[in-house]
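Trainee: I am attaching a structure below and will ask some questions about it afterwards.
The values are calculated or read from the model by the stated rules, or taken from the named source; none is laboratory data. Owing to the predicted nature of the structure, the values given are computational and were not obtained by experimental measurement. Note that each Cβ is placed from the backbone with ideal geometry, even for glycine, and that neighbours are counted across all protein chains shown. These accessible areas exclude ligands, DNA and RNA; they are computed on the full protein's heavy atoms, side chains included. Shrake-Rupley method; radii C 1.70, N 1.55, O 1.52, S 1.80 Å.
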Amino acid sequence: MRISDRRFALYLMTPAALFLGVFVAYPLFRLIADSFYKISPIAGGPRDFVGFQNYVTAFASEAFMGAGWRTLAYTVVVVTLEFALGLGMALLFTTLGRKSQIWRTVFLYPLMIAPIVAGLLWKFLMIDNFGLIGTLLHQAGILSNPNQIGWLSDPNIVLFSVAVPDIWLTTSFMCLVLFAGLQNIPGDLIEAARLDGARAPALLFQIILPLLRPVIAVALVVRGIDAARAFDTILIQTNGGPQSASETMSLLIYRTMIRFGDPGLASAMGTIYLLAMLAVAFFAVATIWRPGKDN
């Protein structure tokens with residue numbers, strides 16, 4: 001019995017579809033459904049329908065709005081620096097050609113480190129009293145004493161301090177994606193532009209970046225979503241402190257669910273969080289990639 005190509009393709013997709021249905025679609029459905037209920041944290045406890053009350057409570061909460069703005073600031077800082085550094089390294093590796101093979105391998109090493117390990121490492125580097133960074137800056141004469149800057153204790157800068165491990169970890173990912181995209185740009189096109197007198201800035205902004213739009217869109221969306229849900233690196237460094245200055249949305253949802261025992265409110269916060277990330281992702285693809293539109 002001969003099987004048609006379409007049916008064969010359906011057979012191949014069935015295991016993946018079942019996996020996504022069980023581990024993605026069903027939890028997502030439960031998340032949205034639970035957001036309309038007041039749920040007891042005790043197994044088998046009462047479950048009362050409250051409509052949109054959890055959403056009203058979330059938007060009226062100063063902690064939720066503050067965590068949202070902090071998550072946005074954290075994501076913008078992390079993704080912007082990673083993109084700038086990753087693009088610069090990708091251009092450098094492309095210019096060096098085969099001479100950059102060893103350096104590319106070394107540059108990818110941080111990507112292999114677990115985020116919790118990286119957070120712990122940078123915590124010891126920036127912690128007050130005996131942090132290595134403060135000690136080195138003091139020995140270099142930049143700081144008057146090693147504790148002059150409270151990297152993880154100053155509410156004004158702690159959000160940027162906890163972003164450092166994330167930037168250190170995943171800049172290599174951004175570099176890898178952009179480097180792969182640069183390999184698909186025809187060398188003849190770059191050479192022709194150079195012969196026409198185009199300088200480096202013109203090559204970058206008028207030829208390279210426009211041709212990299214699909215790659216840039218994918219890289220920014222993937223890293224933006226990943227940075228927006230940052231949890232472990234921040235938890236191990238500051239646990240959201242001091243004074244909730246580094247508490248992002250993921251940490252707030254975790255505390256609402258686990259510490260405060262309110263699954264319904266946590267589900268509402270998670271649903272809002274999910275919709276916001278989807279909106280940002282669609283906006284990024286539409287404005288950066290602009291599929292279906294000619295330049």
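Trainee: Among the listed residues Leu189, Leu178, Leu182, Leu209, which satisfies the condition of being within 30 Å of Thr105 (Cβ to Cβ), in a helix (DSSP H, G or I), open to solvent by less than 30 Å² (accessible area, probe 1.4 Å) and at pLDDT below 90?
Mentor: Leu182
Trainee: Still on this structure: Could you please tell me which pairs satisfy a Cβ distance under 8 Å, a separation of 6+ or placement on different chains, a first residue in the stretch 107-128 that is touching a residue at least 24 places away in the same chain (Cβ under 8 Å) and on the phi < 0 side of the Ramachandran plot, and a second residue that is of a type in the set (Phe, Trp, Tyr) and open to solvent by 50 Å² or more (accessible area, probe 1.4 Å)?
Mentor: Here the result reads Pro110/Trp168; Leu111/Phe173; Ala118/Trp168; Trp122/Trp168; Met126/Trp151; Ile127/Trp151; Asp128/Trp151, each pair linking the stretch 107-128 to a residue that is of a type in the set (Phe, Trp, Tyr) and open to solvent by 50 Å² or more (accessible area, probe 1.4 Å).
Trainee: Please go through the stretch 86-113 and pick out each residue that is part of a helix (DSSP H, G or I), touching a Leu at 6+ places or on another chain (Cβ under 8 Å) and either open to solvent by less than 60 Å² (accessible area, probe 1.4 Å) or of a type in the set (Gly, Ala, Ser) (or both).
Mentor: Listed by number, the residues that qualify are Gly86, Leu87, Ala90, Leu91, Thr94, Ser100, Pro110.
Trainee: Another question, then. Do we find a residue being closer than 22 Å to Phe173 by Cβ and open to solvent by 70 Å² or more (accessible area, probe 1.4 Å) anywhere in the stretch 59-72?
Mentor: yes
Trainee: Yes or no: Arg223 at pLDDT 85 or above, open to solvent by less than 50 Å² (accessible area, probe 1.4 Å) and under 18 Å from the mean Cα position of the chain (by Cα)?
Mentor: So Arg223 fits the description; yes.
Trainee: Given the conditions (1) part of a loop (DSSP other than H, G, I, E, B); (2) at pLDDT 90 or above; (3) open to solvent by less than 50 Å² (accessible area, probe 1.4 Å), report the number of the one that Asn156 does not fulfil.
Mentor: (3)
Trainee: Can you name the residue in the stretch 6-34 that is under 24 Å from Asn54 (Cβ atoms) and aliphatic (A, V, I, L, M) and, of all such residues, is least open to solvent (accessible area, probe 1.4 Å)?
Mentor: Of everything passing the filter in the stretch 6-34, Ala33 is least open to solvent (accessible area, probe 1.4 Å).
Trainee: Follow-up. Of all residues in the stretch 119-140, which are closer than 18 Å to Leu159 by Cβ and either in a loop (DSSP other than H, G, I, E, B) or charged (D, E, K, R) (or both)?
Mentor: Lys123, Ile127, Asp128, Gly131
Trainee: Only one of (1) surrounded by fewer than 15 Cβ atoms within 10 Å (Cβ to Cβ); (2) within 24 Å of Met174 (Cα to Cα); (3) of a type in the set (Val, Ile, Thr) fails for Val78. Which number is that?
Mentor: (1)
Trainee: Name the residue that is nearest to Ile258 (Cα to Cα), counting only residues in the stretch 41-56 that are open to solvent by less than 60 Å² (accessible area, probe 1.4 Å) and in contact (Cβ under 8 Å) with a residue 60 or more places away in the chain.
Mentor: Asn54
Trainee: Just wondering, is there one or more residues in the stretch 233-244 that are in contact (Cβ under 8 Å) with a residue 60 or more places away in the chain, open to solvent by less than 10 Å² (accessible area, probe 1.4 Å), out of contact with any helix residue (DSSP H, G or I) (no Cβ under 6 Å at 6 or more places or on another chain) and of a type in the set (A, V, I, L, M, F, W, C)?
Mentor: yes
Trainee: Here is a further query. Please pick out the residue among Tyr74, Tyr55 that is on the phi < 0 side of the Ramachandran plot and under 23 Å from the mean Cα position of the chain (by Cα).
Mentor: The match here is Tyr74.
Trainee: Please go through the stretch 132-153 and give me each residue that is surrounded by 15 or more Cβ atoms within 10 Å (Cβ to Cβ) and either in contact with a Leu (Cβ under 6 Å, 6 or more places away or on another chain) or within 18 Å of Gln243 (Cβ to Cβ) (or both), ordered by number.
Mentor: Ile133, Leu137, Leu143, Ile149, Gly150, Trp151, Leu152, Ser153
Trainee: What pairs come up if the first residue lies in the stretch 88-102 and is closer than 17 Å to Asn184 by Cα and modelled with pLDDT of 85 or more, the second is of a type in the set (Gly, Ala, Ser) and assigned to a helix (DSSP H, G or I), and their beta carbons are under 9 Å apart, counting only those six or more places apart or on different chains?
Mentor: As it stands, the answer is Met89/Ser172; Ala90/Ala180; Ala90/Gly181; Leu92/Ser100; Phe93/Ser100; Thr94/Ser100, since those pairs meet every condition given.
Trainee: Given the conditions (1) outside any loop (DSSP other than H, G, I, E, B); (2) touching a residue at least 24 places away in the same chain (Cβ under 8 Å); (3) open to solvent by 30 Å² or more (accessible area, probe 1.4 Å); (4) over 30 Å from Pro46 (Cβ atoms), and given that Leu274 satisfies all but one, which numbered condition is not satisfied?
Mentor: Here Leu274 meets the rest and fails (4).
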